[in-house]
Amino acid sequence: MENKLTKQTPLYHQHLALGARIAPFGGYEMPVQYTGINAEHLAVRSTGGLFDVSHMGEFRISGPDALTFLQDVTVNDAAALEEGQAQYSAMCYSDGGIVDDLLLYRRTDHYFMVVNAANIDKDFEWLQSNIKGNVSLENESDQIGLIAVQGPVSRELVEQTLGVNLSNLPYYHSMEGKVYDRQVLISRTGYTGELGFELYTDPDTTRRLWEDCLVAGKPLEVVPAGLGARDTLRLEMKYCLYGNDISADTNPIEAGLGWITKLEKKSFIGSKAIAQVKEAKPVRRLVAIQMEERAIPRAGYTILHDDREIGRVTSGTQSPTLKRGIGLGYAAREHTKFGTTLQVDIRGGTVGATVVKPPFVKNTSLMA
């Protein structure tokens, strides 16, 4: 029976037809896997995968004071964006806690913000409550479908399906395309650590585009991939997941997001609290850990050093690429240097782990 509390993406019936295992995620009925998480994960690393990410939220921000507003509510420097460029950023509360992480695009006459599915309503209300000046804020989430084409052959597949040349499209830039006389925003971004493109368009076009990508992808060995593989892929790259690795209880500095936090720009919401943490040095840091024995560090497990609790795992899995347990977690700063030996409490027993330099998987097709 359909869960009335969850929404469906434009591709819901396509997922059912492909035999996907469906589960609720971020308020939507989403495909977790089709043939299996490991197989889908390895396909993305070697050839390619198609992801339905239509559950993500999209906001349109325009008006004479749009840039001033964005400089106030995001941690990165929105003024540095050129037309067609995208930027990874975040929004923070006044105490430095993270509202959400996001992508911000500069378009011809407006800005386009992409936020996490579970946070759409919360983010929109928070942005609305902080508007100053002449700013128009519109929630376009229900009018936009989103397909992520990821993997070494993704450029070839998108070029073939959309009839475009992507050889000169840099990482974190976007361009306009057209298919069936409908506009498509083609963005060279993703959440897998591989070369990839995200295709934003209206729901009807999303359905047709998905089918065309499946057909064109078959000879290229591109497979539909679910949220399970999306999670293991992002974990191998140490990409944060909101609600696990970052939240209202984490500060960008301790989360390793200092590189997107531009404290040198004019003050923004949370900048004072963030600057204090940076100056004093954070008490804890988000680290990448690799298990030394056959074990998986699950979210919530205790991290120890010399049998003393020093932190907690926030995300963990068995890496399909490395075939060993990997995880992210917060640990006391003095125990976060690369090469440090730690332990993870797994069901009452301690298993050795090492702090490693991320990403866990290197030499991907990301910059191909």
Please compute the contact order of region 57-139 in relative form: average sequence separation of alpha-carbon pairs under 8 Å and at least six residues apart, divided by the residue count, as a percent.
41 percent
Charge context of N119, other residues only, Cβ under 11 angstrom, K/R +1, D/E -1:
-4
Just check region 57-139 against the gyration tensor rule for me: Cα atoms, a ≥ b ≥ c as the square roots of the eigenvalues, rounded for a/c under 1.5, and otherwise prolate or oblate depending on whether a/b exceeds b/c.
rounded
Of all DSSP beta bridges in the chain, antiparallel share, percent nearest 5
95 percent
Label 7 Å along Cα→Cβ of T340; region 284-305 residues with amide nitrogen under 11 Å?
284-288, 304-305
DSSP-loop GluC sites (Glu not before Pro) across region 40-121, with at most 16 other Cβ within 10 angstrom
E82, E83
Put +1 on the Cβ of each Lys and Arg and -1 on the Cβ of each Asp and Glu in the chain; which of T354, V44, I253 then has its Cα farthest toward the positive end of the dipole?
T354
Let me know the charge dipole size of the chain about its Cα centre in debye, to the nearest 20, where only the beta-carbon of Lys, Arg (+1) and Asp, Glu (-1) is charged.
1000 debye
Just report the Cα centroid separation between region 142-161 and region 171-222, whole Å.
3 Å
Listed residue pairs exceeding 24 Å between alpha carbons, taken from K278/K362; K7/K238; K7/K122; K238/K265; K132/K238
K278/K362; K7/K238; K238/K265; K132/K238
When only DSSP loop residues count, what chymotrypsin sites (Phe, Trp or Tyr not before Pro) in region 1-99 have their Cβ near at most 16 other Cβ atoms within 10 Å?
Y93
HN-Hα J in Hz across region 324-331 - Karplus 6.51, -1.76, 1.60, θ = phi - 60°, x for Gly and Pro
8, x, 9, x, 10, x, 8, 9
Suppose every Lys and Arg Cβ carries +1 and every Asp and Glu Cβ carries -1, with no other charges. What dipole size does region 247-337 come out with about its Cα centre, to the nearest 20 debye?
380 debye
For Y105, the net charge from surrounding residues (Cβ-Cβ under 14 Å; K, R +1; D, E -1) works out to -3
Checking the a/c ratio against 1.5 first, then a/b against b/c, what shape does the Cα gyration tensor give for the chain?
oblate
What's the FRET efficiency of Y93 with Y171 using the Cβ-Cβ distance as r and R₀ = 41 Å, to the nearest 0.05?
0.85
Going Cα to Cα from K178, which aspartates and glutamates come in below 12 Å? Please leave out same-chain ones fewer than 8 positions away.
E159, D202
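Mind running the shape call on region 271-368? Use the C-alpha gyration tensor, a ≥ b ≥ c as the square roots of the eigenvalues: rounded below 1.5 for a/c, prolate if a/b tops b/c, oblate otherwise.
oblate
Run the helix sum for the chain: -39,500 (n - 2.57) per DSSP H stretch of 4+ residues, divided by residue count, reported at 222 nm to the nearest 500 deg cm²/dmol.
One gets -6000 deg cm²/dmol as the mean residue ellipticity at 222 nm.
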If I take R0 = 25 Å and measure r between the Cβ atoms of E293 and K357 in this structure, what FRET efficiency does the formula 1/(1 + (r/R0)^6) give, to the nearest 0.05?
0.75
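The numbers here are math on the coordinates, done by the rules we state, and not lab data. Just so it is clear, the structure is predicted and the values come from calculations on it, not from any experiment. So basically every Cβ, Gly included, is an ideal-geometry build from the backbone, and we count neighbours across all protein chains shown.
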